[in-house]
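In what follows, a structure is listed as structure tokens, so that the remarks can point back to it.
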Amino acid sequence: MLCRRRARTTALEAALWYAQEWGWAVTLGAYWDRGACSCGSADCPAPGEHPLSVDWANRASRDPDTIARWLRENPRASLLLPTGQTFDVIDVPAEPGHAALHRMTQLGLTPGPAVATSSGRLLFFVAPGGHEALPGLLAAYGCGALGIRSHGPGDHVIAPPSGHGEKGTARWAYISHEHPLPLPQAEQIVGSLVYALRATIPAQRHPARA
């Protein structure tokens, strides 16, 4: 059975939980406003998912008072978590991602936290170094990217309960309800991800024979 933790109902509750229980730095991001990104750019490449500050990487904080002040000043802001510091993220399409999550639990593996985004992706949190390790791991399985992305140093991911307006909010698909567990290494979950992704791509199910 998946270990799900009770959803944090407000951005402040969630942000403080990330900072205090998991030790993750938090920064604030833009948000959806009347169907568009709050930054005001019509061609915004990441509506509701980019930092408010250009200096976000240096300003990200675990300090409860700082986080509370930011959210008082920007109550509609999304929550973003910098990657490449305390964790990296492997990012896959939602359908095979959920299948991989089920496979891991059936095999008795303990996945790290996983976020289901409202834009149709599943974000698997892994130990730092996963971003750099991923290309070699995929090569070892004899496959290309298969729709897998990764986030490491200098990047960030959206965190619940942030969202995409009418598309809904991000939510935790899997997270320990006990004291935070050590994050898995990328190699511990990539096999299940590749298995699930290949099952959804016809050309990968039955590779052409020479």
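With respect to the stated conditions, Pro113 is under 11 Å from the mean Cα position of the chain (by Cα) and of a type outside the set (S, T, N, Q). Out of curiosity, is Leu16 aliphatic (A, V, I, L, M), in contact (Cβ under 8 Å) with a residue 60 or more places away in the chain and more than 17 Å from His156 (Cα to Cα)? Answer is no for this residue.
For segment 133-150, enumerate the residues that are closer than 25 Å to Gly29 by Cβ and either assigned to a helix (DSSP H, G or I) or not polar (S, T, N, Q) (or both). Listed by number, the residues that qualify are Leu134, Gly147, Ile148, Arg149. Might you let me know whether segment 164-187 holds any residue that is modelled with pLDDT of 95 or more, among the acidic types (Asp, Glu) and out of contact with any Leu (no Cβ under 7 Å at 6 or more places or on another chain)? Among the residues of segment 164-187, not one is modelled with pLDDT of 95 or more, among the acidic types (Asp, Glu) and out of contact with any Leu (no Cβ under 7 Å at 6 or more places or on another chain), which makes the answer no.
Yes/no per residue for (1) surrounded by fewer than 22 Cβ atoms within 10 Å (Cβ to Cβ); (2) closer than 19 Å to Ser119 by Cα:
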site	(1), (2)
Leu12	yes, no
Trp17	yes, no
Trp22	yes, no
Ala25	yes, no
Leu28	no, yes
Gly35	yes, yes
Ser38	yes, yes
Asp43	yes, yes
Pro47	yes, yes
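The helices (runs of 4 or more DSSP H) found entirely in segment 1-88 that carry 3 or more residues being in contact with a Leu (Cβ under 7 Å, 6 or more places away or on another chain) and either over 27 Å from Leu134 (Cβ atoms) or hydroxyl-bearing (Ser, Thr, Tyr) (or both) are 11-17, 64-73.
Determine if segment 32-39 includes at least one residue that is within 15 Å of the chain's Cα centre (by Cα) and either at pLDDT below 80 or closer than 18 Å to Ala170 by Cα (or both). No, that holds for no residue. Tell me, yes or no, whether segment 151-169 has at least one residue that is part of a loop (DSSP other than H, G, I, E, B), under 15 Å from the mean Cα position of the chain (by Cα) and of a type in the set (A, V, I, L, M). No; the residues of segment 151-169 include none that is part of a loop (DSSP other than H, G, I, E, B), under 15 Å from the mean Cα position of the chain (by Cα) and of a type in the set (A, V, I, L, M).
The values are calculated or read from the model by the stated rules, or taken from the named source; none is laboratory data. Model, not experiment: these values are computed from the prediction. Cβ coordinates were reconstructed from backbone atoms using ideal geometry, including for glycine residues, and neighbour counts include every protein chain displayed.
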